[in-house]
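Beneath this line is the structure, given in structure tokens, with notes to follow.
The values are calculated or read from the model by the stated rules, or taken from the named source; none is laboratory data. All figures in this text were calculated on a predicted structure; none of them were measured in a lab. Methodologically, a virtual Cβ is constructed for each residue, glycine included, from the backbone with ideal geometry; neighbour enumeration extends over all protein chains shown.
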Amino acid sequence: MSYMSREDRRENVMEAAMRVALSEGLSAMTVRRIASEAGIAAGQVHHHFASSMALKAETFLRLSRQSLDLESAPPLKSWRAKLNWTLGFDNPDIEQYLRLFGEAEALARREAEMKQAWIISMEMWHDATRQIISAGANENEFQLLDSPENIAWRIIAFVSGLDGIVKLGLSGMDEEAFRRHVDIMINNELMPAS
């Protein structure tokens, strides 16, 4: 076996943690499970991370960044398509990330490390959304009546709240209705430039 630097060993643990989180969820991220996935002793996981919650929080942040990475998206021709992808539409991998976001949100209510990771994740989502709105306005695809920062927060709040309503399974609030309502909201916020 070849020598791995401390950074490479830590990265090996992170990659294993990310695979487990995506396939099985944050709740499956035990030290023993991560060690098994990484092919190392459990003590090596403890050596690189102060606690299992620290590992979960860092894994969640890495996966949040990954979910927002437009470089990994298929070619998207318009800023509206990029916005939709960032909001979770037309992204075939979004379900596995949504499950993680739900788990992280629940953990954030009782774990300070995860709460901080959740806040950073929301700020990353806001920043990615704001950048897309700004770029779309700069290229005259959007006409803005408010700052990109404010519009991004309203869109995120609307999408997050409506997602919670859809999950309740209320009559008339399915995925198609979700998409329709979000489209109306975005059209009102980002009027196509004339």
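Odds and ends about this structure:
- Residue match in region 74-88 (condition: farther than 23 Å from ALA117 by Cα, modelled with pLDDT under 90 and touching a helix residue (DSSP H, G or I) at 6+ places or on another chain (Cβ under 6 Å)): yes
- If the condition is being hydroxyl-bearing (Ser, Thr, Tyr) and in contact (Cβ under 8 Å) with a residue 40 or more places away in the chain, then region 59-75 contributes THR59, SER64.
- Qualifying residues in region 32-46 (those that are free of Cβ contacts under 8 Å to residues at least 24 places away in the same chain and either closer than 30 Å to GLY136 by Cβ or not small (Gly, Ala, Ser) (or both)) - the one surrounded by the most Cβ atoms within 10 Å (Cβ to Cβ): ILE34
- If you go through region 99-151 and keep only what is more than 26 Å from MET185 (Cα to Cα), surrounded by fewer than 18 Cβ atoms within 10 Å (Cβ to Cβ) and among the aliphatic types (A, V, I, L, M), you end up with ALA106, ALA112.
- Of all residues in region 76-91, those that are on the phi > 0 side of the Ramachandran plot have Cβ atoms under 6 Å from Cβ atoms of residues that are crowded, with 18+ Cβ neighbours inside 10 Å and not charged (D, E, K, R), 6 or more apart or on another chain, in ASP90/ASN84.
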